[in-house]
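The structure under discussion appears below in the form of structure tokens.
The values are calculated or read from the model by the stated rules, or taken from the named source; none is laboratory data. As the structure is a prediction and not an experimental result, all values here were calculated from the model. Glycine gets a Cβ as well: all are built from the backbone with ideal geometry, and neighbour counts include every protein chain shown.
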Amino acid sequence: MFPRRTIVYRQQPPPNLPALVAGAAVALLITLILNAIVIISPGQAGVISILGKAQDRPILEGLHFRPPFISVVDIYDVTVQKFEVPAQSATRDLQDLTASFAINFRLDPNQVVYVRRTQGTLQNIVSKIIAPQTQESFKIASARRTAEECVTQRDQLKEDFDLALTERLSTYGILVLDTSVIDLSFSKEFANAVEDKQIAEQRAQRGVYIAQEAEQEALAEVNRARGRAEAQRILAESLDAPGGDRLLRREAIDAWKAGGSPMPKVLVLGGNGDSVPPFIFDLQALATDNS
């Protein structure tokens, strides 16, 4: 027979209820504090909704309190955003015009409550507001000009587009900072017509240049002829003046030297018939005297 064993059960001490209650209270207090505090970072703006109703005032960067558990905070990015938006329109002369714009914008921090109530998210703002308003603004700007003016007056086209888009988006709490025309294209037929016109204008300008060049050359030739005539007149007056025969002899000697011929020592000049005796002189002595 085995000896009988006696099993003794020890009674557990009762739990410390005050400590449990205190711990639960602390945890609840921490949860309440965390749910009652919202921090808005720089470049953000928030909208508090209590029981589904958006409050009238936005909350900007900093520390804010809200009703815990019954409120929700929607935070919006109010820094600069950039989106590329395509647009199509027709010019004043009914030419199809296609463009692509880069829109730099940001939300007005003081208008985020209106944005929250009307649009909700940034994606809705781009698709439902910015894209269609870009299209309408482009139609307004391009309809004021012909297709050729849209090319030659591109800066004015962009200026009119900026004014129209800024005015339209400001009513939705959207601030337009800058726009850029990424692409501006026409139909193939119009592009070919513009190219043909440019070629014709270049040819016409070339013809004008050639005509002006011929006119200048003719004027220069006239001036040269006048110069030669004036020189001949002065020379003739010099020959008729006293001592002109010496100038003529000097010119003959210079021409003789320039031709490369050796200079003769004696030159005999005859007279008119027998009435004038011949004139004989030493050329080398004459050249020495003149020099």
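Taking each residue of the stretch 90-113 that is surrounded by fewer than 20 Cβ atoms within 10 Å (Cβ to Cβ) and looking for partners that are of a type in the set (Lys, Arg) with beta-carbon atoms closer than 6 Å, six or more apart or interchain, yields ARG92/ARG145; ASN104/LYS82. When we screen ALA45, ALA22, ALA54 for residues that are surrounded by 11 or more Cβ atoms within 10 Å (Cβ to Cβ), at pLDDT below 90 and within 45 Å of the chain's Cα centre (by Cα), the only hit is ALA54. Contact map, the stretch 151-165: first residue in contact (Cβ under 8 Å) with a residue 40 or more places away in the chain, second residue in a helix (DSSP H, G or I) and surrounded by fewer than 18 Cβ atoms within 10 Å (Cβ to Cβ), Cβ cut-off under 8 Å, separation 6 or more or different chains; pairs are VAL151/VAL194; PHE161/ILE140. The residue that is modelled with the lowest pLDDT, counting only those in the stretch 141-169 that are more than 16 Å from ALA102 (Cα to Cα) and among the polar types (S, T, N, Q), is THR152.
Can you tell me which of LYS128, LYS82 is without any contact (Cβ under 8 Å) to a residue 40 or more places away in the chain, more than 23 Å from ASN192 (Cα to Cα) and loosely packed, with under 14 Cβ neighbours inside 10 Å?
Working: LYS128 fails: loosely packed, with under 14 Cβ neighbours inside 10 Å.
From the options LYS128, LYS82, the qualifying one is LYS82.
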